[in-house]
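The values are calculated or read from the model by the stated rules, or taken from the named source; none is laboratory data. Quick caveat: nothing in here was measured; it's all calculated off a predicted structure. Every residue, glycine among them, receives a Cβ derived from its backbone with ideal geometry; neighbour counts consider all protein chains shown. Quick note on the areas: whole protein, heavy atoms, side chains included, nothing else; ligands and nucleic acids left out. Shrake-Rupley method; radii C 1.70, N 1.55, O 1.52, S 1.80 Å.
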Amino acid sequence: MIVTLAPGADRQAVQRALAARGQWVGAVEHGPTSVHLVLASHSTPAVADDLALIDGVAAVSSPVSPHPRLDAQAPVVSVAGVPFGGARPVLIAGPCAVESADQIGRLAAAVADHGGSFLRGGAFKPRTSPYAFCGHGAPAVGWLRAAADAHGLRVVTEVLAEADVGWVADHADLIQVGSRNMTNFALLRSVGRTGRPVLLKRAMAATIEEWLLAAEHLLSGGAAGVVLCERGIRGFDGSTRNVLDLGAVAVLRARGLPVMVDPSHAAGRRDLILPLARAALAAGASGLVIEVHDRPEDALSDGPQALHPRDLAALWDRTHDA
Ligand code: PEP
Ligand code: MN
């Protein structure tokens with residue numbers, strides 16, 4: 001429910017009257033000529049009629065949608081001059097993790113040569129095991145930025161902790177929020193406050209609606225735009241790492257939202273990346289996120305799903321009309 005205050009109303013008094021009726025204000029929004037109190041709970045029409053009688057309340061209405069900012073987002077989100085959701089698919093590629101300045105420099109050259117617009121690579125890695133390689137942290141963000149700049153690429157990288165948001169925002173064109181953090185609402189707010197565009201990966205067991213609400217958290221916090229990324233959800237069959245949900249891609253494209261697809265984390269196997277990439281673009285994906293490594297056998301994370309850069313060239317040529 002949204003309670004619109006009458007001009008000159010005493011907001012504190014209205015909030016006290018609402019609280020006396022068991023109603024709590026979740027957010028306060030300032031429109032051009034009015035103030036709206038967004039209530040934390042849904043109410044019945046009878047309750048709405050009662051709230052409308054409170055002194056200082058001009059109107060009580062229902063929100064049009066639970067994610068109005070996302071619904072109002074333009075269909076094309078431009079990030080550092082690259083349009084996501086337009087006619088041309090976007091290629092984001094790079095290693096799972098930024099392992100050294102040298103490694104990311106070599107891979108940046110390959111990504112630029114093979115049609116990539118964005119260089120990816122994790123500096124802060126979310127790992128299921130605490131003993132796995134967790135990334136080189138802040139210095140790796142600098143190596144990633146330098147490598148991208150040397151080859152005319154933009155940067156996307158993941159932020160894991162609120163404490164690192166400023167550093168990542170200063171170096172990345174697009175801030176990634178990973179699957180494991182899609183419902184970390186404090187992090188979403190903190191990333192939103194940077195006012196930067198965000199690549200929001202779907203959590204492993206999130207419904208589409210939960211994913212859209214996470215995007216709304218970013219936009220209500222101040223994010224410049226949200227590009228969604230389908231990376232596979234949990235299934236019961238271990239043949240692939242995750243189940244790539246192309247139905248979700250079609251659903252979101254029908255709503256005019258930009259949706260990237262990450263077949264690397266979906267498949268977990270390099271031999272399946274080409275067919276899944278082709279299927280993703282056929283379903284309307286706004287582009288692809290592909291993990292590459294020139295020495296996959298030595299990769300510190302996700303080697304089995306890393307494509308060799310020469311295979312990236314073949315993949316990109318075969319998946320879209322150049
Ligand atoms: C990644 O893109 O590096 C990553 C960890 O992916 P996800 O959050 O989809 O697991
Ligand atoms: Mn990875």
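Key figures for this structure:
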item	result
Beta bridges by DSSP in region 60-217, antiparallel share as percent, to the nearest 5	20 percent
Computed over region 147-211, Kirkwood Rh from alpha-carbon pairs, angstrom	12.3 Å
Calculated on alpha-carbon atoms, Rg and Dmax of region 158-269 in Å	13.7, 40
Average Cα contact separation per residue, region 2-61, under 8 Å, 6 or more apart, as relative contact order %	49 percent
Built amide H within the under 5 Å cut-off of Ala58, gap 5+	Thr4, Leu5, Ala6
Candidates per chymotrypsin sites (Phe, Trp or Tyr not before Pro) in region 55-139, loop by DSSP, up to 10 other Cβ within 10 Å	Tyr131
The chain: radius of gyration and largest Cα-Cα distance (Dmax), Å	22.0, 70
Relative contact order (%) - the chain, alpha-carbon pairs under 8 angstrom, separation at least six	15 percent
Calculated from backbone phi, Karplus (6.51, -1.76, 1.60) coupling profile of region 11-25 in Hz, x at Gly/Pro	4, 4, 5, 5, 5, 5, 5, 5, 4, 4, 9, x, 10, 10, 8
Alpha carbon centroid spacing (whole Å) that separates region 179-209 from region 71-126	18 Å
Value at 222 nm in deg cm²/dmol, rounded to 500, when DSSP H runs of n ≥ 4 in the chain each add -39,500 (n - 2.57)	-10000 deg cm²/dmol
Region 132-143 - phi-based ³J(HN,Hα) in whole Hz, Karplus 6.51/-1.76/1.60, Gly and Pro as x	7, 5, 9, x, 8, x, 3, x, 5, 5, x, 4
Amide proton proximity set for Ser78, modelled H, under 5 Å, gap of 5+	Phe84
Accessible solvent surface per residue of the chain, calculated while the other protein chains remain in place, 1.4 angstrom probe, Å²	43 Å²
Portion, in percent, of the accessible area of region 1-124 that falls on carbon or sulfur, probe 1.4 Å	57 percent
Share of carbon and sulfur in the accessible heavy-atom surface of region 164-243 [1.4 Å probe, %]	52 percent
Beta bridge orientation in the chain: antiparallel %, DSSP, nearest 5	35 percent
